[in-house]
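The block underneath contains the structure these notes are about, expressed in structure tokens.
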Amino acid sequence: MYSIGIDVGGTNLKAGLVDESGAILAVERIPLGVFPGAEKFAEILADLAKAVMEQGGVTKEDISYVGAGIPGAVSGGTVLYTANIPMKNVPLAELFRQHLDLPLLLGNDADCAAVGEWSCGVGKGTKHFIVVTLGTGVGGGLILNEKLYTGAGCGGEIGHIVICEGGAPCNCGRKGCWEAYASATGLIRLTKEAMAERPESALHAIAAEHGGVEGRTAFLAAEAGDETALAVCADYANYLASGLVSLINMLHPQTVALGGGVAAAPEHLLLEPVRKLVAEQCYARHTDQVPAIVRAELGNDAGIIGAAMLGRAI
Ligand SMILES: [Zn+2]
């Protein structure tokens, strides 16, 4: 049997026909454009699933279900709300079934990435596994006892643990959230603050060369030996480890995978110092069960694969 995974982005929909090993056998993509309303959206998802079946040379009878990763909160077959698409309390699975007679399973997009890594990537074989995505924000997906954990729908919003009371403002309205420090956005702010204090730093030349400060600017300058950049990377690793230790103390996963653009940083500047800090600080250091901290491996495919594997985790 096969399943279909659909990754619903703010501007694009990507669907893949996926086999039981997690291999993507066919892919279809369409732009979403202006949101056409929930009814039409359900029809578009069904059409996309049909297109991917046709491309893969399979029929509805070969498919166990269609999974969709949604940027927002879901509960059962209902979309509770979405971040960049106007949907609230939409019975999407029911609407979908009017166009294609297959179950539609729903997951939050970050949760789908975690399900993907857990079923087919670096989390394979674990019972307790967490993915932390370091992008514009800090996203997360929790697999506990081999099931995706979302609480009543919004669980796993790990970016909004406060690590610095009264600290930098966060998009959620609070101050000092982990996301305000450990996201790419937070790293860019730390880099700019260091640059303002250190006009002699190589960060300036490297930023200018790449058309502005990016998440990788500090890592590039640190690799060239710049001391200010090395200090920024060390601060960033500290902030990242701070939230990770809280998360690990609360949930004690076997493995934590870091994904998103920032996770691609050189191992000795990010993963190695973070592993060391976690090993020094987490409660599990008293046992021989300190979680492995690894880089996520599925990249952009995690969303499709995870949506297609949702049936194993919910
Ligand atoms: Zn926040």
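Taking the stated definitions as given, is residue 46 assigned to a helix (DSSP H, G or I) and either more than 20 Å from the chain's Cα centre (by Cα) or of a type outside the set (Val, Ile, Thr) (or both)?
yes
Would you mind stating whether residue 170 is within 16 Å of the ligand (Cβ to nearest atom) and closer than 21 Å to residue 248 by Cα?
The answer is no for residue 170.
Give just the number: which of (1) surrounded by fewer than 16 Cβ atoms within 10 Å (Cβ to Cβ); (2) in the same structural domain as residue 308 (by TED's automatic domain parsing) does residue 114 not satisfy?
Answer for residue 114: the failing condition is (1).
Mind checking which pairs have a first residue in region 170-187 that is under 16 Å from residue 218 (Cβ atoms) and assigned by TED's automatic domain parsing to the domain that holds residue 160 and a second that is assigned to a loop (DSSP other than H, G, I, E, B) and within 11 Å of the ligand (Cβ to nearest atom), Cβ under 7 Å, 6 or more apart or different chains?
Note: pairs meeting the criteria are 181/163; 181/168; 183/137.
Conditions: (1) within 16 Å of the ligand (Cβ to nearest atom); (2) at negative phi; (3) surrounded by fewer than 17 Cβ atoms within 10 Å (Cβ to Cβ). Residue 238 meets all but one. Number of the miss?
(1)
Specify which of the listed residues (67, 76, 151, 166) is out of contact with any helix residue (DSSP H, G or I) (no Cβ under 8 Å at 6 or more places or on another chain) and more than 30 Å from residue 214 (Cα to Cα). First the steps, then the outcome.
On the way: 67 fails: out of contact with any helix residue (DSSP H, G or I) (no Cβ under 8 Å at 6 or more places or on another chain); 76 fails: out of contact with any helix residue (DSSP H, G or I) (no Cβ under 8 Å at 6 or more places or on another chain); 166 fails: more than 30 Å from residue 214 (Cα to Cα).
Of the residues listed, the single one that is out of contact with any helix residue (DSSP H, G or I) (no Cβ under 8 Å at 6 or more places or on another chain) and more than 30 Å from residue 214 (Cα to Cα) is 151.
For the condition out of contact with any Asp or Glu (no Cβ under 9 Å at 6 or more places or on another chain), farther than 30 Å from residue 67 by Cα and crowded, with 20+ Cβ neighbours inside 10 Å, what is the one hit in 290, 278?
It is 278.
State which residue is farthest from residue 131 (Cα to Cα) when the search covers only region 149-165 and only residues that are buried (at least 19 other Cβ atoms within 10 Å of the Cβ) and away from the ligand (no atom under 13 Å from the Cβ).
The residue in question is 150.
If you scan region 118-165, which residues turn out to be β-branched (Val, Ile, Thr) and part of a loop (DSSP other than H, G, I, E, B)? Spell out the reasoning first.
Step one: of region 118-165, the residues β-branched (Val, Ile, Thr) are 122, 126, 130-133, 136, 138, 143, 150, 158, 161-163.
Answer for region 118-165, where residues must be β-branched (Val, Ile, Thr) and part of a loop (DSSP other than H, G, I, E, B): 122, 126, 136, 150, 161, 163.
So, in region 33-69, how many residues would count as being under 19 Å from residue 301 (Cα atoms) and not polar (S, T, N, Q)? Talk me through it step by step, then tell me what you get.
If we filter region 33-69 for residues that are under 19 Å from residue 301 (Cα atoms), which is where we start, we get 45, 48-49, 51-53, 55-56, 65-69.
Those still in the list that are not polar (S, T, N, Q) too: 45, 48-49, 51-53, 56, 65-69.
The total comes to 12.
When only residues in region 173-198 that are within 13 Å of the ligand (Cβ to nearest atom) and not in a helix (DSSP H, G or I) count, which is surrounded by the fewest Cβ atoms within 10 Å (Cβ to Cβ)?
Going through the qualifying residues, I end up with 173.
With respect to the numbered conditions (1) within 16 Å of the ligand (Cβ to nearest atom); (2) more than 16 Å from residue 247 (Cβ to Cβ), which one is the sole condition not fulfilled by residue 133?
Residue 133 satisfies all of (1) within 16 Å of the ligand (Cβ to nearest atom); (2) more than 16 Å from residue 247 (Cβ to Cβ) except (2).
The values are calculated or read from the model by the stated rules, or taken from the named source; none is laboratory data. Here the structure is a predicted model, which means the values were calculated and not measured. As a convention, Cβ positions derive from the backbone with ideal geometry for all residues, glycine included, and neighbour counts pool all protein chains shown.
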